[in-house]
Amino acid sequence: MNNELGDLNAFVTVARAGGFREGARSSGVSASGLSEAVRRLETQLGVRLLNRTTRSVAPTEAGHGLLARLGPVFAELEAALDVVNVFRDKPAGLLRLNVPASVTRLVLPSIVPSFLAAYPEIRLEVITEESFVDVLAAGCDAGIRYEERLEQDMIAVPIGPRTQRFAVGAAPAYLERRGRPSHPRELLDHACLRHRFPSGAMPPWEFERDGEVLWIDPRGQLIVEAGGASDLAVEAAVAGLGIVGLFETWLGPRFDSGELEPILEPWWQRFSGPFLYYPGRRLMPAPLRAFVDFVKSTGAA
């Protein structure tokens, strides 16, 4: 039974990591050890679970089905083993958070260092992902998302600034050359730097003033993936390529330095800040419980 659990865990590790070397880095088990465990499991089950090429490793259809069922099972096993944490002076173990890039830049830096200093026996792993995911199936303890992207039947705790704004700005040289828009519709005559989500969606820019809401779908030379490539859009704007739209706190340092000039500020739309969310199960892992309590006690919530 122990060997079977170990082989199943090896399969989950490799499938989630997308490769044997990647799985070895995250688990501390050698790549050859993971490979042998997965091969042993496939032999026992009589079905291929992973498609292997020289460039990638991906679950087969059978592998996807098994992974979907094993995610919650291993989460419950970890929660059951975590019961012993209550007998420690301080909680220990691994806490895995699934968050968008904006949270790693704008929210977590003010929380993580002091949290890890307060709980030296907790290890924190932050997985950056823009699309919404089932945190349990993804092997994570909790996620952080904005309100409109929260999954139902989850416990949600406010984290970070409670109000944010969508800001737009451009380099002064660009505005001198192309003019300063005085209304959001004038953006249609400008070069705008856009973001596309991994799902393929490229949401329009939304503006609001005195109860009037406008959705603008401008064009430009550059489209970047939301989150991971956002800094490229900012640098392109600083270089005078066009107008960029992002979180006000993301663009704030560039406004302060004068590299970018805010435009259309009366139209910047406000939206609620992010939430830490996790399943409402009876056994909450001790590292997650410590993190939730820390967020609440320090006023980060």
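The values are calculated or read from the model by the stated rules, or taken from the named source; none is laboratory data. Being a predicted model, the structure only gives us computed values, none of them experimental. With ideal geometry, Cβ positions are generated from the backbone for all residues, glycine too; neighbour counts draw on all protein chains shown. Surface accessibility is based on the protein's heavy atoms, side chains included, excluding ligands, DNA and RNA. Shrake-Rupley method; radii C 1.70, N 1.55, O 1.52, S 1.80 Å.
Charge dipole (Cα centre; +1 on Lys/Arg Cβ, -1 on Asp/Glu Cβ; no other charges) of the stretch 162-254 amounts to roughly 120 debye.
Rolled with a 1.4 Å probe across the full set of protein chains, the surface gives Phe247 an accessible area near 40 Å².
For the chain, the share of DSSP beta bridges that are antiparallel, to the nearest 5, is 65%. Note on surface exposure: Asp141, Asp256, Asp189, Asp217 rank Asp256, Asp189, Asp217, Asp141 by accessible area, highest first, 1.4 Å probe. Computed with every protein chain present, the accessible area of Val126 is close to 60 Å² [probe 1.4 Å]. When only the Cβ of Lys, Arg, Asp and Glu is charged (+1, +1, -1, -1), the dipole of the stretch 144-301 relative to its Cα centre reaches about 460 debye. Across the protein chains, with a 1.4 Å probe defining accessible surface, the residues Glu225, Glu208 rank Glu225, Glu208 from largest area downward.
Here the contact order of the chain, divided by its residue count and restricted to Cα pairs under 8 Å and six or more residues apart, works out to 22 percent.
The alpha carbons of the chain stretch over 70, 47, 32 Å along the principal axes, in descending order. Projecting the Cα positions of Pro72, Val213, Ala101 onto the charge dipole of the chain (unit charges on Cβ atoms of Lys, Arg, Asp and Glu, taken about the Cα centre) puts Pro72 furthest along the positive direction. Annotation: per residue accessible area for the chain equals 52 Å², rounded to a whole number [probe 1.4 Å, protein chains only]. Beta-bridge orientation, the stretch 164-301: approximately 70 percent antiparallel, per DSSP, counting only bridges with both partners inside. Can you pull the percent of the chain's accessible area that's carbon plus sulfur, 1.4 Å probe, other chains left in place? Result for the chain: 52 percent of the exposed heavy-atom area is carbon or sulfur.
Here the contact order of the stretch 132-258, divided by its residue count and restricted to Cα pairs under 8 Å and six or more residues apart, works out to 30 percent.
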